[in-house]
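The values are calculated or read from the model by the stated rules, or taken from the named source; none is laboratory data. All values derive from a computational prediction rather than experimental measurement. Positions of Cβ are generated from backbone atoms using ideal geometry, with glycine treated the same way; all protein chains shown enter the neighbour counts.
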Amino acid sequence: MTQLQYKGTGSATGRTGSRYWRSKSAYLGVIPFLIVSGLFLLYPTWNVASGAFQDNYGKFSTSVLKEVFNSPVARHAFGNSLEISIKTAIAGAIMGGLFAWAIVNGKRDGIFYRFSVALSSVLAQFGGVMLTFAFLATFGFNGLVANIALKVAPNTFLADSSWLYGMLGLSVLYTFFQIPLMVLVFLPTLENLKPQWREASDALGGKAWEYWLRIGIPILTPSFAGAALLLFVNSFSAYATAQTLINLSDFLTPLEIATALTSETGGSNPAEAKSLSFYMVVVVIIAMTFYALLRRRVSRWEQRR
Amino acid sequence: MSSSTYVQLVDLAKHFGKVRALDGLSLDIAQGELVALLGPSGCGKTTALRALAGLQELDRGQLIVDGKDVTFQNANKRGMGMVFQAYSLFPHMTARENVEYGLKLKAHKTAGDKRKARSAELLELVGLSTHANHYPHQLSGGQQQRVALARALAISPKVLLLDEPLSALDAKVRTQLREEIRRIQIELGTTTLFVTHDQEEALSIADRVGVMRNGQLEQIAAPSELYDRPKTSFVAEFVGLTNPISGKVSGGSIEILGSVVKTLPGSVTSGTGIALVRPESIDVVASKSGNAKVAAASFLGASCRLNITMNDGTRITAQLPSLDAAGIGAGASVAVSLLDMPVFVKAAG
Amino acid sequence: MFDFSTKPFGFQDKGRTFRAWQIIPSQPDLMISIGKSLITAGIVMSLILFLIVPTAIWVHLKLPLLRRPFELLCLLPLAIPAIVIVVGIAPLYRWISIHLTESPITLSGVYSMLILPYTYRSLSAALDAVDIHTLAEAARTLGANTSRVIFGIIMPTIKTGIVNGSFIAIALVMGEFTISNILNYKTFQVVIAQIGRTNGNVAVAVSLASILFVLVLLLAIPTKKRQGKVLDVDLV
């Protein structure tokens, strides 16, 4: 029997003595994790947070923050980021929600269900660069659809691929990205819509629309809104897709940050990068706070077991 | 068939794939009666109930309520109140709002104050007035089921349907709640169909109990009749405890434990049969020269259960009032005999 | 996803061959990067199995006070987008690449942090479903020591949670682009992007191939009844 076995099993009798320290020794167990997370997570977070309030020489100042705040370029990028995030969050939420509904109504163990869930998981995590190429292959210059359109309908936008490389194209691409995430996030909620509720409503004399109006929609709405918020954050933080598709360095905030950090022309501007990051994080934290509040509401209802 | 038959299930049949959930089930329920459907899982009792509610389609058969054929009527037009086993309360509404739900629907539209009065009345009836504004997740299982009951009763249903409402609850709550359900049912005079797999539950509150197996009704009768005069071996063994004792059958009687007793209709008529003897039909008396020894004794409060080994090796369980069993403990030598009650005898082997 | 099936035609158009697919194995950059990314994924997996999961179990079992902070820590990466993390971690990796090694495998460190939220979700659902306290106590009274309890008893019990969490981790490692691109490491995705600039067909071919490969893998894993979702998210 080694010392190890007594970790954390003693009860503290008094604040001194080996018993007390032995019980506290359980806390030692988290040290390895703290080291790793400290290095790779906490340090960078602190770096950004504190760096935003410094200038490029390390002195405390809010000058860079203010400069970024007032810069028209930064604002434009930020606006674009917000715009695309909101649009694609809503579009993705609606389409993803419908798709999730279709999945839930199928067989639970069937091929369609498993395939859809698997595909969604893959796309949600895996996709930025590759999805972009998929789109390029289809809609870009010399892409499949573009080529067909050239022959069939040369005056429509499908034939001229430039739309892909602007706000519209990016939005479509992002939405495509959002749908699998929505499916993954929303599916559990739909699955938790207990059939007994519909049956109870029916037995009590309720029609289908009455069920949806009074039961279905009120129950689903918080989860739906929460999912949409997640989509918003996802879109806002995205970098890979934009980078692969668009070459403008200041179209979206993440792109701006990357440029500020690694600029090959002239010196890089880490303080600017950190300030931009800071603003991004503020937005994300606001969104996540709402998300947490919504989630708490839902989990209250789910406290049955 | 009573003259005030209110609900009729006529020759119901339903299969799921290869399984015949209902196989020619016919049943009548009189007005104001509480009929329990009892049986092991998979016997079709829940299917029958859901069919009556309109939540399950049938392959064949008719459902008649208050003279009208409702077989093809939508669930939301049948005017039945249903209480599910669990999870049926709307989680985003308070108890009161849940109870009022039915009265907000177009089918039973009721004006504001009348609605409030009705929900208050029902919550009082089930003893939850103080919890009216609580959400389901704040209520215990038993309380949730009471709200479900109040909700079903709010619409003054023609028939009350209960689908194993107590199965998900603790033992003590179960006993309490089943008596309350019965009390309320009698007070309101609602025709009720109650499905359960717990035979004690069914026997204790029903006017009549129908024992089901494999989609068919084995026997339907008042609880005491079901217990004393089972018509099939399944019923005899499913309801209450039995001692299987083999003996020779002839001329409507069987010889076991040194006595000759009559056999019930439906029993085997000749050869060797296995009598299903109730524990309380066995008489046990302390005796130095008896024909058995007590292997173990369990004190159950009002009665005593004795595990007895006969001299010829047969093992039986007898049950006596504790006063009569005083002094008889493990190892005691006893004389065992049979009370003169007819028994059901099933085929040997 | 239905336009994926049209991708092959996109490059078959140019002479209608599978040439693009054929060149794949002969692209040295690509192969190396796949190898490196796979190794990185392996390291991240070990970090999960030997650091994250045991710590999670330890916290759940012994340190109830730390549960909330631990959970918040694990969810922190959700609030800090990758792009922001890379800004903060750039100096660290500069140091690493100068003083230690230039290999992209060092990215395992930061990757293991990125996957924390998803892995933690899977784990926490599994840990909540099983009564690990009772299991641990039963094992202890039978004589098992701490590491036995953690690795031999509890981890197998929450196997599904671990598997789900790991799968997402691997997907993330193989699919990660932001951090590696900005820090200039040649990971799988970065190389695909590079190829994409010069030889679109090959890039598309590779993308399709990898997605299909992962899909097949995922379908091969039997999904369990309730806790078997690949992304065990908290909106429920």
Can you run down the residue pairs with Cβ atoms below 6 Å, 6 or more apart or on separate chains, where the first is in segment B:286-315 and loosely packed, with under 13 Cβ neighbours inside 10 Å and the partner is part of a loop (DSSP other than H, G, I, E, B)?
-> B:N311/B:N291
Just a yes or no: is a residue in segment B:133-155 surrounded by fewer than 23 Cβ atoms within 10 Å (Cβ to Cβ), of a type in the set (G, A, S), within 28 Å of A:A208 (Cβ to Cβ) and touching a Gly at 6+ places or on another chain (Cβ under 8 Å)?
-> no
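Residue-by-condition table, conditions (1) in a loop (DSSP other than H, G, I, E, B); (2) among the acidic types (D, E):
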residue: B:L22; (1), (2): no, no
residue: B:L27; (1), (2): no, no
residue: B:L37; (1), (2): no, no
residue: B:C43; (1), (2): yes, no
residue: B:T47; (1), (2): no, no
residue: B:E57; (1), (2): yes, yes
Check segment C:68-85 and report whether any residue there is in contact (Cβ under 8 Å) with a residue 24 or more places away in the chain, at the interface with chain A (Cβ under 7 Å from one of its Cβ atoms) and among the β-branched types (V, I, T).
-> yes
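Where in segment B:302-349 are there strands (runs of 3 or more DSSP E), lying wholly inside it, with at least 2 residues that are under 29 Å from the mean Cα position of the chain (by Cα) and not acidic (D, E)?
Working: elements: B:303-310, B:315-321, B:333-338, B:344-347.
In segment B:302-349, the matching strands (runs of 3 or more DSSP E) lie at B:303-310, B:315-321, B:344-347.
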Can you run down the residue pairs with Cβ atoms below 6 Å, 6 or more apart or on separate chains, where the first is in segment A:189-216 and more than 9 Å from chain B (Cβ to nearest Cβ) and within 23 Å of B:S156 (Cβ to Cβ) and the partner is among the polar types (S, T, N, Q) and surrounded by fewer than 16 Cβ atoms within 10 Å (Cβ to Cβ)?
-> none
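Please indicate, with yes or no, whether at least one residue in segment B:336-349 is in contact with a Leu (Cβ under 9 Å, 6 or more places away or on another chain), acidic (D, E), surrounded by fewer than 20 Cβ atoms within 10 Å (Cβ to Cβ) and closer than 20 Å to B:D228 by Cβ. If you could, list the steps in order and put the result at the bottom.
Within segment B:336-349, the first condition is being in contact with a Leu (Cβ under 9 Å, 6 or more places away or on another chain), and the residues that meet it are B:336-338, B:342-346.
Still in the list and also acidic (D, E): none.
No, segment B:336-349 contains no residue that is in contact with a Leu (Cβ under 9 Å, 6 or more places away or on another chain), acidic (D, E), surrounded by fewer than 20 Cβ atoms within 10 Å (Cβ to Cβ) and closer than 20 Å to B:D228 by Cβ.
Looking at B:G271, B:G266 in this structure, which one is within 26 Å of B:L38 (Cα to Cα) and surrounded by fewer than 18 Cβ atoms within 10 Å (Cβ to Cβ)? Steps first, please.
On the way: B:G271 fails: within 26 Å of B:L38 (Cα to Cα).
Being within 26 Å of B:L38 (Cα to Cα) and surrounded by fewer than 18 Cβ atoms within 10 Å (Cβ to Cβ) holds for just one of B:G271, B:G266, which is B:G266.
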Could you check, for segment C:52-61, whether at least one of its residues is in contact (Cβ under 8 Å) with a residue 60 or more places away in the chain and surrounded by fewer than 18 Cβ atoms within 10 Å (Cβ to Cβ)?
-> no
What residue, among those in segment B:190-205 that are buried (at least 24 other Cβ atoms within 10 Å of the Cβ) and not polar (S, T, N, Q), is nearest to B:V7 (Cα to Cα)?
-> B:L193
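Taking only segment C:185-211 into account, find how many residues are over 16 Å from the mean Cα position of the chain (by Cα) and at pLDDT 75 or above. Step through it out loud before you land on a result.
Looking only at segment C:185-211, we keep the residues that are over 16 Å from the mean Cα position of the chain (by Cα), and these are C:185-186, C:190-209.
Checking the rest, the ones that are also at pLDDT 75 or above come to C:185-186, C:190-194.
So the answer is 7.
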Does C:H99 satisfy being in contact with a His (Cβ under 9 Å, 6 or more places away or on another chain) and not polar (S, T, N, Q)?
-> no
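Does at least one position in segment B:59-81 carry a residue that is of a type outside the set (D, E, K, R), in a strand (DSSP E or B) and within 13 Å of chain A (Cβ to nearest Cβ)?
The first filter runs over segment B:59-81 and keeps only residues of a type outside the set (D, E, K, R), leaving B:61-65, B:67, B:70-76, B:79-81.
Now narrow it down to the ones that are in a strand (DSSP E or B): B:61-65, B:80-81.
When the remaining residues are screened for being within 13 Å of chain A (Cβ to nearest Cβ), the result is B:80-81.
Checked against the condition, which is being of a type outside the set (D, E, K, R), in a strand (DSSP E or B) and within 13 Å of chain A (Cβ to nearest Cβ), segment B:59-81 yields at least one hit.
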Sort out which residues of segment B:238-274 are out of contact with any Gly (no Cβ under 8 Å at 6 or more places or on another chain) and without any contact (Cβ under 8 Å) to a residue 12 or more places away in the chain, and write them in order of number.
-> B:G251, B:S253, B:V260
Residue set C:L135, C:L127; condition closer than 22 Å to C:L73 by Cα, out of contact with any strand residue (DSSP E or B) (no Cβ under 8 Å at 6 or more places or on another chain) and away from every other protein chain (no Cβ under 13 Å); output residue C:L127
List every residue pair whose Cβ atoms sit under 6 Å apart, with the two residues 6 or more apart in sequence or on different chains, where the first one lies in segment A:24-48 and is more than 7 Å from chain C (Cβ to nearest Cβ) and farther than 27 Å from A:A260 by Cα and the second, anywhere, is buried (at least 16 other Cβ atoms within 10 Å of the Cβ) and of a type in the set (K, R).
-> A:S25/A:K7
Count - residues of segment B:86-117 that are surrounded by fewer than 21 Cβ atoms within 10 Å (Cβ to Cβ) and either away from chain A (no Cβ under 13 Å) or on the phi > 0 side of the Ramachandran plot (or both) | 8
Consider C:A41 carefully, then state whether it is within 11 Å of another protein chain (Cβ to nearest Cβ) and closer than 30 Å to A:L231 by Cβ.
-> no
Applying the selection to segment C:78-104, what residues are touching a Leu at 6+ places or on another chain (Cβ under 8 Å) and among the aromatic types (F, W, Y)?
-> C:Y93
For A:S223, state whether it is modelled with pLDDT under 85 and of a type outside the set (A, V, I, L, M, F, W, C).
-> no
Report, ordered by the first and then the second residue, all pairs with beta carbons closer than 8 Å, sequence separation of six or more or different chains, a first member in segment C:140-165 that is free of Cβ contacts under 8 Å to residues at least 60 places away in the same chain and more than 9 Å from every other protein chain (Cβ to nearest Cβ), and a second member that is of a type in the set (G, A, S) and not in a helix (DSSP H, G or I).
-> C:G152/C:A144; C:I153/C:A144
Residue match in segment C:99-115 (condition: charged (D, E, K, R), at negative phi and assigned to a helix (DSSP H, G or I)) = no
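Please give the helices (runs of 4 or more DSSP H) falling wholly within segment B:85-192 in which 1 or more residues are touching a Pro at 6+ places or on another chain (Cβ under 7 Å) and within 26 Å of B:D207 (Cβ to Cβ).
Numbers: elements: B:95-104, B:112-125, B:141-154, B:171-188.
In segment B:85-192, the matching helices (runs of 4 or more DSSP H) lie at B:141-154.
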